[in-house]
Amino acid sequence: MRFAWNHQVGIILRTGVLLLVAGLLLCPSNAAAQHRHVSLLPASSRPARVAPGPEVFENVSRRPGVVEVNLVATPAVIDLVPGAPSAAYAYNGRVPGPRLELREGDQVTVHFRNELPDTTTVHWHGLHLPVTSDGSPFHPVAPGGEYTFEFTVRPGSAGTYWYHPHPHHRTGVQVAKGLYGAVIVRAADDPIAHLPEKLLILSDNRIRDDGSVDLPDRLTPSWRIDQENGREGDLLFVNGEVGPTLTIRSGEIQRWRIINASAARMYRLALPGHTFLHVGSDGGLFERPVERDEILITGAERVEVLVSGSGAPGSETALQALPYDRYIPQTRPADWESTRVLATLRYSNDPPMVPPPVPDRLRPIPELDTLDATATRVMVLTQGMINGRMMDMERVDVEASLGATEIWQVENLVGMDHPFHLHGFQFQVIDRNGVPEPFRSWKDVVNVPEHETVRFIVRYDDYPGKWMFHCHILDHEDHGMMGVLEVR
Ligand SMILES: [Cu+2]
């Protein structure tokens, strides 16, 4: 039913586009004729099919060490699934948005224009930057408005980040409609720069039969389930595609940067017949690689893994999402125990190559010392609230001094997981339920499983201002499971 309907819509749309193109070609000066052709498009798809911009942001600056890009958010008709045009939102005409390629030390300027019928912001998730460029709810951009984000990429911050909207109460809707994209920061002395690289942006969505993004009306049963669990979709995307095929050569070692851009879904990643060499997290590389059979990537987290092509030429395996129970029993999905395929990994027929070397030391990570901590901030998570309160833009929940080192103790009192995110400053996990973290890494989001406590340490370097902390299940964040840290 869905596909038959979508097929028809596709034909109507394509016919409309063809007629529009024909109209432009045949009578370029006849604006009325063009309008007539545009009106052939069904009313539900009034936003235009915009031409997608480049996959990587075009740097309009020619000065070395300077990156200057243009970013526009627009309504757009996009095949979120093949042959099914959806009224979506796009960054520079793409879902996901273009990739921002940066190097440590770069001076970055992003000229943003909001052409949505909706207030938005652009949050540069995980980047250490001035608060006015953080794109938090404190700096909304109204429809038709513009905003300039400016920052210098911090040395030592090479890693995988992402950008997404963060307007108060509207983040989930805008991400569901297609607004998310990757940021990659590269180091001059990257120890694994010799390995071929893949970027995998994971997301999920629900699309109705008419092609619209399924966002339930308030107070309906499915809205309540989304509010509770965080909105999940039956369609799993890698880089905006359902079930793509990735290729590898036998013997090859690939570096995969994986971003979880889903509103709520957590992925327990596995690759049958293979192990992962886990080399990095939110804020970049670890000190040493760690071998793993599977990796959990929670909302907004990033992982970097090395995949060794140990399979035979011509063989195939699947990147899987194994079942992970993050839910309260009342709203746990019936099919939560099914394993899902995210992508196929196919070996080329080329003969095996000699694997390239992988260093056993990646980079030093300076330790944040708990002896330097001057305060412990206790954050108690309950369903929809932090310390019994909901987000209030007028209130400051934590006041801290610029340069101070502090411990955050995040206690989850309820029976589901909450991924906890702090803006602006990368932190180091100290322990989980009293078990010391086995090795250091830089993080900006950490999952706090049901009834568990996670402690991390952070230093408020460089940038004063009001910073958000919140649950990164977007429905929880939009509901108000968020607070304000003011650094002065
Ligand atoms: Cu939550």
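ARG346 label point, 7 Å along Cα→Cβ, cut-off 14 Å on backbone N: hits in region 228-263? Counting backbone N atoms under 14 Å from the label point, the list is 243-249. Sparsely packed loop sites in region 293-382 (the trypsin sites (Lys or Arg not before Pro) outside DSSP H, G, I, E and B with at most 11 other Cβ atoms within 10 Å) comprise ARG361. Taking the alpha-carbon centroid of each part, what is the distance from region 66-137 to region 363-440 in angstrom? When both Cα centres are located, 28 Å separates them.
One equal scatterer on each Cα of region 284-426, no solvent, Debye formula: the resulting log10 I(q)/I(0) at q = 0.16, 0.20, 0.21 Å⁻¹ is -1.16, -1.38, -1.43. Between GLY105, GLY53, ASN70, the Cα set farthest toward the positive side of the dipole of the chain (charges on each charged residue's Cβ, about the Cα centre) is that of GLY53.
Relative intensity of region 189-297 on a log10 scale, I(q)/I(0) at q = 0.17, 0.19, 0.21 Å⁻¹, equals -0.93, -1.08, -1.23, per a Debye sum over C-alpha point scatterers of equal strength in the absence of solvent. Take the chain with all the other protein chains still there, run a 1.4 Å probe, and you get 42 Å² of accessible area per residue.
Taking the protein heavy atoms of the chain in the context of the full set of protein chains, the accessible area attributed to carbon and sulfur is 53 percent at 1.4 Å. Kirkwood analysis of the chain, using all unique Cα-Cα pairs, places the hydrodynamic radius at 23.6 Å. For THR109 and ASP462, the difference between the fully extended length at 0.36 nm per residue and the C-alpha to C-alpha distance is 125.2 nm. The alpha-carbon of LYS198 sits under 27 angstrom from the alpha-carbons of these lysines, leaving out residues fewer than 8 places away in its chain: LYS177, LYS443.
Over region 117-262, the ratio between the Cα radius of gyration and 2.2 N^0.38 Å evaluates to 1.23. Quickly estimate the mean residue ellipticity at 222 nm for the chain, helices only: each DSSP H run with n ≥ 4 gives -39500 (n - 2.57), and the total goes over all residues, rounded to 500. Result for the chain: -3500 deg cm²/dmol, rounded to the nearest 500.
Measuring between their Cα centroids, region 275-331 and region 457-488 lie 27 Å from each other.
Quick one: Cα centre-to-centre distance for region 143-183 and region 194-257, in angstrom? So the separation of the two Cα centres works out to 18 Å.
At q = 0.28 Å⁻¹ the log10 of I(q)/I(0) for region 53-112 amounts to -1.13, computed by Debye summation with a single uniform scatterer per C-alpha, solvent ignored. The value of relative contact order for the chain, using C-alpha pairs under 8 Å at least six residues apart, is 13 percent. Estimated at 0.36 nm per residue, the fully extended path between ASP335 and GLN383 surpasses their Cα-Cα distance by 15.0 nm. Rg ratio for region 64-196: its Cα radius of gyration over 2.2 N^0.38 Å, N being its residue count, equals 1.09.
Extension gain, ALA375-HIS194: 0.36 nm per intervening residue step, less the Cα-Cα distance, totals 60.9 nm. Restricting region 151-222 to trypsin sites (Lys or Arg not before Pro) that sit in a DSSP loop and have at most 15 other Cβ atoms within 10 Å of their own Cβ leaves ARG208, ARG218. Placing +1 on each Lys and Arg Cβ and -1 on each Asp and Glu Cβ, with no other charges, gives the chain a dipole about its Cα centre of roughly 1220 debye.
The values are calculated or read from the model by the stated rules, or taken from the named source; none is laboratory data. Because the structure is predicted, anything quoted here is derived from the model rather than measured. For neighbour counting, all protein chains shown are included, and Cβ atoms are generated from backbone atoms with ideal geometry for every residue, glycine included. Surface areas here come from the heavy atoms of the whole protein model, side chains and all, with no ligands, DNA or RNA. Shrake-Rupley method; radii C 1.70, N 1.55, O 1.52, S 1.80 Å.
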